[in-house]
1. How many residues does the stretch 103-129 hold that are within 24 Å of Pro139 (Cβ to Cβ) and more than 16 Å from the chain's Cα centre (by Cα)?
2. Out of the stretch 17-35, which residues are free of Cβ contacts under 8 Å to residues at least 12 places away in the same chain and open to solvent by 60 Å² or more (accessible area, probe 1.4 Å)?
3. Output the residue which, of all residues in the stretch 60-81 that are closer than 26 Å to Asn159 by Cβ and in contact (Cβ under 8 Å) with a residue 60 or more places away in the chain, is surrounded by the fewest Cβ atoms within 10 Å (Cβ to Cβ).
4. Between residues in the stretch 169-182 that are closer than 15 Å to Phe158 by Cα and residues that are not in a helix (DSSP H, G or I), which pairs lie under 9 Å by C-beta distance while being six or more apart or on different chains?
5. Let me confirm something: among Leu106, Leu178, which residue is open to solvent by 20 Å² or more (accessible area, probe 1.4 Å) and assigned to a helix (DSSP H, G or I)?
6. Do the conditions hold for Leu191, that is, is it assigned to a helix (DSSP H, G or I), surrounded by 15 or more Cβ atoms within 10 Å (Cβ to Cβ) and at pLDDT 85 or above?
7. Mind telling me which of the residues Val49, Val132 ends up being surrounded by fewer than 20 Cβ atoms within 10 Å (Cβ to Cβ) and more than 30 Å from Val165 (Cβ to Cβ)?
8. Pick out the one residue from Ala142, Ala118, Ala114, Ala162 that is touching a residue at least 60 places away in the same chain (Cβ under 8 Å) and buried (at least 22 other Cβ atoms within 10 Å of the Cβ).
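The values are calculated or read from the model by the stated rules, or taken from the named source; none is laboratory data. Only a predicted model underlies this, so the values are computations on that prediction, with no experimental measurement involved. Don't worry about glycine lacking a Cβ; one is built from the backbone with ideal geometry, like all the others, and counts go over all protein chains shown. Keep in mind that these areas ignore ligands, DNA and RNA; they rest on the heavy atoms of the full protein, side chains included. Shrake-Rupley method; radii C 1.70, N 1.55, O 1.52, S 1.80 Å.
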Amino acid sequence: MVLVPGPHILNGAIDLARTRIALGIARLTYAAVIVILISAGLLFGFAAVGTSLPIDEPFPPVPLVIDVIAAGCAVASFGTFFSMPWRLLAFPIAAGMLVHAARWALITVAGGSAVTGALVACMLVSVIATPVVDRLRLPFAALAFSAVVSMIPGFFLFNAAAGVVELVSIGPSAPVALLTSIATSCATAFLIIMAMTFGLILPRMLFEHFLPPSV
């Protein structure tokens with residue numbers, strides 16, 4: 001999921017919010033094509049080695065320490081892949097680990113959903129990152145998204161893609177449970193992405209409206 005064009009998704013959503021419709025649609029379309037190609041590449045790789053992505057495979061809870069460390073590694077990987085200067089990596093890594101801990105507590109301790117956890121975590125990142133990027137004149141989308149890249153619902157996206165492939169191979173005799181799994185994965189992935197986008201954009205736009213950066 002490091003390949004996911006998160007900055008394009010955020011910038012596209014910001015463009016739509018600011019009524020730059022053509023540019024926003026172009027960016028979101030570009031991002032959607034890349035996500036589809038990532039899913040297709042993953043499924044092709046599974047097929048090449050004679051295996052498949054397990055559908056609805058339950059996953060055990062992850063301890064807080066491991067969750068936070070993994071989030072920091074994901075942020076570092078994303079920033080390195082997109083050639084972010086090393087001196088700038090410390091900030092998104094620290095912010096990503098902090099908000100991932102908050103997300104873990106919200107989901108594991110408070111019993112919240114993945115959508116709610118993503119929304120709260122992304123709002124925290126936006127509140128933390130906006131004053132910093134404005135003061136240092138850094139790209140908001142790149143730094144903010146890199147801090148929450150590990151929250152991209154890759155599991156649900158790939159589950160949905162694998163389910164569609166299985167549905168096509170089975171044909172009309174496909175069980176209802178498979179259709180339900182595909183619909184659930186698609187809906188969950190969509191809601192998480194929307195929650196992340198909204199959580200990152202709303203505080204940013206509120207800062208710009210009430211506390212515009214000095215020129």
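1. Here is the first cut: in the stretch 103-129, the residues within 24 Å of Pro139 (Cβ to Cβ) are 103, 118-129.
Filter again for more than 16 Å from the chain's Cα centre (by Cα), leaving 127-129.
Residues meeting the conditions: 3.
2. Step one: of the stretch 17-35, the residues free of Cβ contacts under 8 Å to residues at least 12 places away in the same chain are 18-23, 29, 32-33.
The answer is Arg18, Thr19, Arg20, Ile21, Ala22, Leu23, Thr29, Val33.
3. Phe81
4. From the stretch 169-182, the pairs are Leu178/Ile55; Ser181/Ile55; Ser181/Asp56; Ile182/Ile55.
5. Going through Leu106, Leu178 in turn, the sole match is Leu106.
6. Working: assigned to a helix (DSSP H, G or I): yes; surrounded by 15 or more Cβ atoms within 10 Å (Cβ to Cβ): yes; at pLDDT 85 or above: yes.
In short, yes.
7. On the way: Val49 fails: more than 30 Å from Val165 (Cβ to Cβ).
Only one candidate qualifies: Val132.
8. Values: Ala142 fails: buried (at least 22 other Cβ atoms within 10 Å of the Cβ); Ala114 fails: buried (at least 22 other Cβ atoms within 10 Å of the Cβ); Ala162 fails: buried (at least 22 other Cβ atoms within 10 Å of the Cβ).
That would be Ala118, the only listed residue that is touching a residue at least 60 places away in the same chain (Cβ under 8 Å) and buried (at least 22 other Cβ atoms within 10 Å of the Cβ).
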